[in-house]
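Here the structure comes first, spelled out in C-alpha cells, and everything after it is commentary.
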Amino acid sequence: MSALPIPDHDALLSSQRLMQQIQQLIAERGGWISFADYMQAALYTPQLGYYSGHSYKFGSSGDFVTAPEITPLFAATIAADIAPLLPLSGNTVIEFGAGSGRLAADLLKALAQQQALPTHYYIVEVSADLAARQRDYLTQQCPELLSRVVWLSSLPEQIEAVVIGNEVLDAIPCELVYWDPTQQPWQRGVAWSEDGFVWADRPIQDPRLQAAVALLEPGPDYLSEVQLAAAGFMHTLAERLQCGAILLFDYGFPRDEYYHPQRRQGTLMCHYRHHAHADPFLWPGLQDITTHIDFTTVAEIGLQHGLDLQGYTTQAQYLINAGILDQLAQFNPEDITHYLPHANAVQKLLSTAEMGELFKVIGFSRGLPLEWQGFLRGDRCRYL
Ligand SMILES: C[S@@+](CC[C@H](N)C(=O)[O-])C[C@H]1O[C@@H](n2cnc3c(N)ncnc32)[C@H](O)[C@@H]1O
C-alpha cells in the first residue's frame, strides 16, 4: 500500500465530497448500508463515482488495462467469430459497458473489413461520462460508421442480437458475506465511525441473499462475495434474448473453485494507477473496485431461461479457436517493428501467467443452428 501514488489535490477533494455523500447515505439508512450500496456509490455516483467521474481509467495512463486496450487483434478475432452469427441475430450487436469505446471501434472496423457490418451497434452504458467519451472516441476513429452506433441507458425489452460484454459483470456491485467461526453467515456492510468507514456485520435479511448463501458452505472464518446484482442482470438479459447470442469475457471461476475453502478472503480487488490492493475504503471514487465472477451461477441463469450454453472456456482457448493466431499471421515476422508489438500483445492475452487462464469466456445462444467456432475445442462446461 505504501507504494501507491498519491492523488492530486482536486482528486482528493472530489473523493472527500463522495465520502461525505456516502456518510450521509449511511446516516439516512440508520447507520448501515450493504457493501453493494457502498460499491454502487463509490463507482457510479454521478460526477463523483469512479466510472461516472472524469478521470481517465483505461490503458497505460489509467488504472488498469483490459483486453481490447491491449491490441485490436482482440476485437478482430471476436469479429471473425461473430460474423457468421450476425445474419441470424437481427444483424445487430449490443455491447454492455463499453469503457473507452475501443472494443466498439475496433469491432466495427474489423466487421467492415469482413463485409459483415451490423445494421446497428447498440451500446448500453450506465456511466453518462463514459458514454460521452465513447462517442468522442468513435467519432475520431470511425466517423463513417458512427451512424450505426446508438447509445441506450437500459436494455431493450426484446433482444435479437449478438450481445457482448468484456469485464462488465465484475464491475457490477456485489454483496459481501462473512461466515463466522461457527459457520454462521452474516451480511458484511459498511458503517461510519469517527475514523472513517468501518465494516459491520448483520444477520442476512434479504431473501435473495439468503437463497444464494444457502447453496454455499465454504467453511469457518470465511469472507467472500455474492453477485446478486450481476445475477439480476443475467436474468434480465437471458429472459429478453429472443434470438441471437451472448458472449461474456471476465475473470472468475466455477462455483467450487470460487468458494474454495482456501480462498478465505474472497476476490474483491481495487485498482489505482496499475497498483492492485484490497481496501475498498481508500479514496472512494478514485479507484476501481471489482470482484471475480462465479461462472456456475451465470451458466445456471442462462439455462433456467432456456438458452443453449454454447461453451465456457479460458480466454486463451477461445481466442485460439476463434483464430487470433491467423490474425497475427497477417503481419510479417521479419518486419520486427510491426510484428513484435502485436506478437507481445497476443502473448499477454494468451499466456497462462497473464490473461489467458484467469479470464474466461462464456457463450449462450437461442435459435442459432450453428457451430460456434470460438467454443469448438477445449470446452470446460463440465467444471461448472
Ligand atoms: C471494467 S469496465 C470495462 C470496460 C470495457 N468493456 C473494456 O473492456 O475496456 C466496466 C464497464 O461496465 C460499465 N457497466 C457497469 N455496470 C453496467 C451495467 N449494469 N450495464 C452497462 N454497463 C455497465 C461501466 O460503466 C464500464 O464502462
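Figure legend. Inter-residue proximity from segment 129-142: first residues closer than 15 Å to Phe58 by Cβ, second residues surrounded by fewer than 20 Cβ atoms within 10 Å (Cβ to Cβ) and modelled with pLDDT of 95 or more, beta-carbon distance below 7 Å, spacing 6+ or different chains. Indicated pairs: Ala131/Trp151; Leu138/Leu146. Take Arg29 and tell me if it is open to solvent by 10 Å² or more (accessible area, probe 1.4 Å), more than 12 Å from the ligand (Cβ to nearest atom) and either at negative phi or acidic (Asp, Glu) (or both). Answer is yes for this residue. Filtering segment 212-238 to residues that are within 21 Å of Ile82 (Cα to Cα) and away from the ligand (no atom under 14 Å from the Cβ) leaves only Ala238. Flag: Leu12 does not match the condition of being open to solvent by less than 10 Å² (accessible area, probe 1.4 Å) and away from the ligand (no atom under 11 Å from the Cβ). Of the residues Gly244, Gly252, the single one that is among the small types (Gly, Ala, Ser) and under 22 Å from Tyr383 (Cβ atoms) is Gly252. Among the residues making up segment 184-226, those that are without any contact (Cβ under 8 Å) to a residue 12 or more places away in the chain and among the polar types (S, T, N, Q) are Gln184, Ser193, Gln210. Set side by side, the residues Ala112, Ala42 differ, and just one is more than 10 Å from the ligand (Cβ to nearest atom), at pLDDT 95 or above and within 30 Å of Gln242 (Cβ to Cβ), which is Ala112. Kindly indicate whether any position in segment 235-256 is assigned to a strand (DSSP E or B) and among the polar types (S, T, N, Q). Within segment 235-256 (the criterion being assigned to a strand (DSSP E or B) and among the polar types (S, T, N, Q)), the answer is yes, since at least one residue qualifies.
Where helices (runs of 4 or more DSSP H) fall entirely within segment 26-115, those with at least 2 residues that are within 30 Å of Leu328 (Cα to Cα) are at 67-70, 72-82, 102-113.
The numbered conditions (1) over 25 Å from Cys174 (Cβ atoms); (2) buried (at least 21 other Cβ atoms within 10 Å of the Cβ) are all true for Thr291 except (1). Checked against the criterion of being of a type in the set (Val, Ile, Thr) and either open to solvent by 10 Å² or more (accessible area, probe 1.4 Å) or near the ligand (Cβ under 9 Å from one of its atoms) (or both), segment 92-107 has at least one qualifying residue. Those strands (runs of 3 or more DSSP E) of segment 138-197 in which 1 or more residues are surrounded by 19 or more Cβ atoms within 10 Å (Cβ to Cβ), within 14 Å of the ligand (Cβ to nearest atom) and not hydrophobic (A, V, I, L, M, F, W, C) occupy 159-166. Look at segment 302-315 and say how many of its residues are surrounded by fewer than 21 Cβ atoms within 10 Å (Cβ to Cβ) and touching a residue at least 40 places away in the same chain (Cβ under 8 Å). Residues that pass the stated criteria total 6. Restricted to segment 198-241, and to residues there that are of a type in the set (Gly, Ala, Ser) and more than 27 Å from Gly165 (Cα to Cα), the residue that is surrounded by the most Cβ atoms within 10 Å (Cβ to Cβ) is Ala200. A search for C-beta distances below 7 Å between a residue of segment 282-295 that is closer than 28 Å to Arg255 by Cβ and modelled with pLDDT under 95 and any residue that is open to solvent by 10 Å² or more (accessible area, probe 1.4 Å) and among the hydrophobic types (A, V, I, L, M, F, W, C), counting only pairs 6+ apart in sequence or on different chains, returns Asp288/Phe64. Of everything in segment 117-137 that is among the charged types (D, E, K, R) and within 11 Å of the ligand (Cβ to nearest atom), the residue that is nearest to Gly285 (Cα to Cα) is Asp129. The set of residues in segment 316-344 that are open to solvent by less than 80 Å² (accessible area, probe 1.4 Å), out of contact with any Leu (no Cβ under 8 Å at 6 or more places or on another chain) and of a type in the set (A, V, I, L, M) comprises Ala322, Ala329. Considering segment 275-384, the qualifying strands (runs of 3 or more DSSP E), each wholly inside and each with 3 or more residues that are under 30 Å from Arg188 (Cβ atoms), run over 275-277, 288-290, 359-366.
Look at (1) open to solvent by less than 10 Å² (accessible area, probe 1.4 Å); (2) away from the ligand (no atom under 13 Å from the Cβ) and you find that Ala67 fails only one, number (2). Looking across segment 90-129, the residues that are hydroxyl-bearing (Ser, Thr, Tyr) and within 23 Å of the chain's Cα centre (by Cα) come down to Thr92, Ser100, Tyr121, Tyr122, Ser127.
The values are calculated or read from the model by the stated rules, or taken from the named source; none is laboratory data. Note that the coordinates shown come from a computational prediction; the quantities given were computed from them, not determined experimentally. Glycine gets a Cβ as well: all are built from the backbone with ideal geometry, and neighbour counts include every protein chain shown. Areas reflect the complete protein model, heavy atoms only, side chains present, ligands, DNA and RNA absent. Shrake-Rupley method; radii C 1.70, N 1.55, O 1.52, S 1.80 Å.
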